[in-house]
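The values are calculated or read from the model by the stated rules, or taken from the named source; none is laboratory data. All values reported here derive from a predicted model rather than from experimental measurement. In this analysis, Cβ positions are derived from the backbone assuming ideal geometry, glycine residues included, and neighbour counts consider all displayed protein chains. Protein only, heavy atoms only, side chains kept; ligands, DNA and RNA dropped before computing areas. Shrake-Rupley method; radii C 1.70, N 1.55, O 1.52, S 1.80 Å.
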Amino acid sequence: KAASEKKSGGEANLVLAAFGIGLFARAFREFRESDDIKAIELKKQLLESEPYIKRVEIPYITREAQESYNSFANEVADILEVTKKPYSTMKQLYISSLKTYENLKDGSYSEFYDNSDVKKREVTRDESGSTTLKNFGKDGKLFSVVHFSNKGTPRDIILYKDEKMRAKAEYKTSIDTDSPYISRLFVYANSSGLAHTVSYDENSNPKSYLARTQFGKFLKCYNINGATGELKSVFLPASGSGGKCAKKYFYKPDGELDKVVIMPSNDLPLRSYNYEDGVLMGLDLFNSENEAPILHVPFEKLNQSEFIEK
């Protein structure tokens, strides 16, 4: 699709590092003919895929990497600012829920509003000692649910409006300070009922933001340096799928692209494009992301040329 798009002069001209013709072939000269069968097969795949990699994949990921970085700077920062209010609300609810728990009766039971059959509170205890507290308004509609551990501390709190989930916070206890903190905050859209998710470190700094489409599919995950607020990486699904992660873009603190990891696609295995000072320096192929590369293809600066696609 990217290769077939007609670029007009009005678009932002795409500047990228391109390989010279036959670069892969030249890079492979350093490999001996006695290389194992797997390496030989990978070389063959790369040589056959060189036109696609040069003319489609590299320009596409270069553009998408910049778009994702701009999206974080221009949109996600504002979203994180908006979540400060529900974050503060959920922090206060944790404190008030601790006091509420102390006043709960033993066992499972329900309470009703005075002179009414409208349920005010429902307490359910399970065999492990965990407790679920449901709170209702005078109109009988559910407005909050608190799940307590067997120690009486909230594990999560859910807020409702018109009996639809509007926010949910999950809590953890810091290993270092033994203090509770919000580990994840789910904020639900009014129209779709679907949640965007922000995770936090022990110092209340956002460390990731997971965005979903209006249909609930995975859209993007931004991983953030909690201490500085800078973007560390962006994970994306395959185009239009909303499923598992297909591409990972890693950035340096100044926003410069550092590495791109692409899951197996287009008859190529899992691969990593590695950059240095904004210049593509090499390609690694993997059997698994957690293993060492099966094959490394270095690209010399002299074998790359910059051009503007028009």
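Note on K217: lysines with a C-alpha under 20 Å away, same-chain residues under 8 apart excluded, are K164, K168, K244, K247, K248.
Positive-end ranking of T124, H147, I157 along the dipole of the stretch 117-169, with charges on Cβ about the Cα centre, is headed by I157.
Please list the non-local residues whose amide H lies under 5 Å from the amide H of K207, H modeled 1.01 Å from N, same-chain partners needing a gap of 5 or more. Here the answer is S199, Y200, D201, since their amide H atoms fall under 5 Å of that of K207.
Accessible area per residue of the stretch 48-172 at 1.4 Å probe, in Å²? List each step's numbers first, then the result.
Working: 7440 Å² over 125 residues.
For the stretch 48-172, the per-residue accessible area is 60 Å².
For the stretch 50-175, with all protein chains present and a 1.4 Å probe, just round the carbon and sulfur fraction of the accessible area to a whole percent. Intermediate results must be reported in sequence, preceding the final value.
Values: 3650 of 7530 Å².
Reported share for carbon and sulfur atoms: 49 percent.
DSSP loop (so not H, G, I, E, B), at most 14 other Cβ within 10 Å: list which GluC sites (Glu not before Pro) in the stretch 94-169 pass both filters. Don't skip to the end; give the middle numbers.
On the way: sites: E102, E111, E122, E127, E163; in loops: E127, E163.
Those that pass, being in a loop and sparsely packed, are E127, E163.
Put the Cα centre of the stretch 98-120 next to the Cα centre of the stretch 236-296 and the gap is 54 Å.
What does the C-alpha gyration tensor say about the overall shape of the stretch 118-175? Classify as rounded when a/c is under 1.5, otherwise prolate if a/b is larger than b/c, or oblate.
Numbers: a/c = 3.49, a/b = 1.47, b/c = 2.38.
It is oblate, given that a/c is not under 1.5 and a/b is not larger than b/c.
Is the C-alpha gyration tensor of the stretch 35-130 telling us rounded, prolate or oblate? Criteria: a/c under 1.5 is rounded; beyond that, a/b larger than b/c is prolate, otherwise oblate. Prolate.
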